Structure formats: structure tokens, C-alpha cells
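Asker: Input: one structure, supplied below.
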Amino acid sequence: MKRFWAAMLLCGCGAAAPQRTVAITVDDLPFVGPPSAAVAGNRTLLDAFRRHHVPVTGFVIRKHVEDLGADGPRILAAWRQAGLDLGNHSYSHPDMNNLPVEEIEQEIVRGEAGLGKPRFFRFPMNHTGDTKEKHDAVAAFLAARGYELAACTIENSDYLFSRAYVKMLARNDAASAERLRREYLEYTAFEIDWFASLGKRIFGYEPPEVMLLHDNPLNAALIDQVLALFETRGYRFVSLAAAQSGAAYRTPDTYITKFGPMWGYRWSQERGVQVDGRREKDPPEWIVQYAKDAPTAPAAGEFYLGKWKIVSATVAPWADAKVRKPDANEMRLLFGQTVAIEAAAIRGPRALACSNPRYAVKEYPADMLFQGAFGEMHARDHRVDPANLAAQVGFRGSRWKTLETGCEVEIDYHFIGPATAAFGLNDYVYTLKKQQ
């Protein structure tokens, strides 16, 4: 992705160039893609890491492990059996810019489940703190728990390429998929060279690199070729701990930003070295558009898609019989009906059907559930607690996956668990169960 730093003078400090080394890290374990492909995709990745002798560190999103059911722990066990390290990537992968320090700390602690005592933590989206107060408070919390912050110096927007790739496979668009695979490797090669040159400009030599990849279908398909790009450039694969033992990684972490730039850009700011981030290429525009047009639900996988049966209905906490009596006739018509959430349509009762959904997947706190109804109630009366209202209709916790449909009738589906969802319509909250 393009960086927006102005062109400035480059560092001229001299130093002997060390052997080129790179640590490979893989984010978003256990998988980002169709759940049915998760086990096979990870098996392919692990086989490649073994063949190429790569001491990878994988970063785990604990909630995604839970969402995969039995396959989640099975995949993590396979990584451990391969002798690979697992780090903490938070519990639910929220944007830390949107959370107070207390909730960030909860995300870190909950993300540790099943990992023992992980050494490394990597922030989702590399959002390390959008204010100095937040940045410093969370850094101190991590240090107190014995964590080392996982840096990354090379990225290739693989999440964007994979989002488009999954859509191409679903459409049987073989020609586009072949073109994407070719251009993904070309773009990755450019990014490796770009970030290597960036490090040289800042330090006068190329520091050990840390490559950021994601556990997704595209990397499962091309991991041998991606690793070969490093091998043909003379890189030796090392562990994340070894890479971060380099002097560059002792640069004080003082750069505050709401974005998630690679560490070379951070170091340039911290060391006062001015670089022209505009020279870094963006991913090909046709891939950006293909990915943008892809509904988020298929990319997110089978967790959202499928047939959901309306199994119960209760009068909503926001209902006010003095203003309008809840429509029991509509409720009786919907009860027992099935809603089919598909990639290109939502099928079911007329009130819920949608021929052209524009999906977006979000994480909602209590005050945003049901089109913000609980938040509005709290705004009218501060004694009203949105969390308590959410608990009344079955929501436990602090944030929930939400599938925004983008339909003319604004109905969002909030997921209480892998097989339970809810939506609000008029003055009722309806509960759905996923059908096998």
C-alpha cells in the first residue's frame, strides 16, 4: 500500500552489509477463507515451511480458533508439531484505534488462551496506538506481561489479493485467477526489493527483514514460489527472535500514528531520515476493484453463509406500547421461517429478502446492536446500560460479529455464536439457528 511521506534527504551512514536474512511470519491463524479449506490450506503451508527450512512464527486470533470448531485447535496443534512458534494476535482482531486501553488489554489477555506463554504479540493491522497515551499504556502493559512486540518490515497486501482470489475461484474465473497469481508474485518481488532498499537508506545496510504474510488460500497456493523469491535473492530464513535481535530493532519505539506502516517507515520518522513513500507501488487497480466488489460474506467464509431458521421472537427492549403496539401478526408470520444468506442474495420471507446485498462484516459493541437502538436508549437516559439490554436478549461479552447487509430494508445479523444469530425488526428481536 502506498505511504504518504514527503521526499527528503537520504541517510548516508556507512556500514558493512551483513548476510541477508528474513523471518517469515504468518498472521490470522487458523485461516482467513472458506472454513472447509482451512485444514488442507494449513497442511500445504506447513509442508512448504518444512521443505524450505523456515522457522515461521504464526500469529493466532483466538476467536477464529473458536469459530472453526474442532478444526481450530487441530490446526494449532499441527503448527506446534512442526516445531513452529505461535504468537498472540489478539482475541478478535479489532481495530485498536477504536478501543480504550482497558478493552485492548482484555483483547491481549483473552488472546492468550491455548497459547501457553507466548513471547510475541502483533497488533491487528499494526495499529500500535493512535495517541501517545494509548501507545505508551499498552506498550507498558505488554512489557509487564513479558511480551516482545512483533515488528514487520515487508508486506505485500496479500489479504487484498486473496480476497479477490477467493471470489475468482467461487466464480470459476480461471483466467483471472491465473493472472492474479502471476501478478501477485510480481508485486511481492517488487515489495521485497522496495523494503530492502528502504532499510539501506535508513541504516546504511539492510537490517534483518520480517515478512508479513496471512494464512489464506492464495498463500497456500503459492507459498513455494513466495519463499523462492527470497531464496533467489540470497536470503537465509531465520526465526523472528533472531531477526529482531538486530540493532535496528532497538530503535526506540516513539512514532505515533493511526495507520499501520511497515517498520522501515516508522524508523525513518524516528531517526529523522526522509524518504519518498510515493515511489512504493500500489497493488494492481484491477485486483483492488475485483476485491472491492467481492461481498465480504463469502470472503469471511461459511460462518455467515447458509440457511438460518427463526426459532424464537421476543418483544424488543426498545418497544414502547404507548407509542406503537408490537406487531404480533408479523411475528407469527416470521416465526419458523428460514432465511438463506447466500453470496449474491438473501432469500426468505419478503420482509427479509434482498436481491443485491452489499455485505460488510463488522464487530459491534452493545450500543451499536440493532441499528444502534440500545445506544439511542442510553442517550435518552444515561441510567440505561446497553450491555444489560444486550444480555436481556442473549448477548454475552462485549463485541459481536455483525453482518451488515446493505439492503434497502436495513437489517443486520448479529452473531451470538457460530450457530446462533439475531436480528431486530420493528419491535421484536428474532433469534436464528443455523441449519445443517
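Asker: Could you list, in sequence order, all residues of segment 310-369 that are outside any loop (DSSP other than H, G, I, E, B), farther than 24 Å from residue 435 by Cβ and among the β-branched types (Val, Ile, Thr)?
Answerer: 315
Asker: From the residues in segment 117-141 that are hydrophobic (A, V, I, L, M, F, W, C) and farther than 23 Å from residue 209 by Cα, which one is surrounded by the fewest Cβ atoms within 10 Å (Cβ to Cβ)?
Answerer: Filtering segment 117-141 down to residues hydrophobic (A, V, I, L, M, F, W, C) leaves 120-121, 123, 125, 137-141.
Filter again for farther than 23 Å from residue 209 by Cα, leaving 137-138, 140-141.
Working: 137: 17, 138: 22, 140: 11, 141: 17.
The residue in question is 140.
Asker: Which one of these does residue 395 not meet: (1) out of contact with any strand residue (DSSP E or B) (no Cβ under 9 Å at 6 or more places or on another chain); (2) of a type outside the set (Gly, Ala, Ser); (3) assigned to a loop (DSSP other than H, G, I, E, B)?
Answerer: Unmet condition: (1).
Asker: Cβ-Cβ under 9 Å, sequence separation 6+ or interchain: first residue in segment 246-266 and farther than 17 Å from residue 199 by Cβ and touching a residue at least 60 places away in the same chain (Cβ under 8 Å), partner of a type in the set (A, V, I, L, M) and outside any loop (DSSP other than H, G, I, E, B). Which pairs?
Answerer: 259/125; 260/125
Asker: Can you go through 423, 374 and tell me which one is part of a strand (DSSP E or B) and within 30 Å of the chain's Cα centre (by Cα)?
Answerer: Sole residue among the options that is part of a strand (DSSP E or B) and within 30 Å of the chain's Cα centre (by Cα): 423.
Asker: Does residue 344 satisfy the condition of being free of Cβ contacts under 8 Å to residues at least 60 places away in the same chain and farther than 16 Å from residue 304 by Cα? Spell out how you get there, then give the answer.
Answerer: Working: free of Cβ contacts under 8 Å to residues at least 60 places away in the same chain: yes; farther than 16 Å from residue 304 by Cα: no.
So residue 344 does not fit the description; no.
Asker: So, in segment 313-325, exactly how many residues are surrounded by 14 or more Cβ atoms within 10 Å (Cβ to Cβ) and of a type outside the set (A, V, I, L, M, F, W, C)?
Answerer: Total meeting the criteria: 2.
Asker: Can you go through 393, 429 and tell me which one is farther than 27 Å from residue 343 by Cβ and either acidic (Asp, Glu) or more than 26 Å from the chain's Cα centre (by Cα) (or both)? Break it down into steps so the answer makes sense when it comes.
Answerer: Details: 429 fails: farther than 27 Å from residue 343 by Cβ.
Unique residue meeting the criteria: 393.
Asker: For segment 72-122, which residues satisfy the criterion of being part of a loop (DSSP other than H, G, I, E, B) and small (Gly, Ala, Ser)? Show your work before the answer.
Answerer: Going residue by residue through segment 72-122, those that are part of a loop (DSSP other than H, G, I, E, B) are 82-84, 89-95, 99-100, 111-119, 122.
The answer is 82, 83, 90, 92, 111, 113, 114, 116.
Asker: Name, by its number, the condition in (1) at pLDDT 95 or above; (2) over 28 Å from residue 357 (Cβ atoms) that does not hold for residue 260.
Answerer: Every listed condition holds for residue 260 apart from (1).
The values are calculated or read from the model by the stated rules, or taken from the named source; none is laboratory data. The structure presented is a predicted model; accordingly, all values stated were derived computationally and were not measured. Ideal geometry is used to build each Cβ from the backbone, glycine not excepted, and the neighbour counts take in all protein chains shown.
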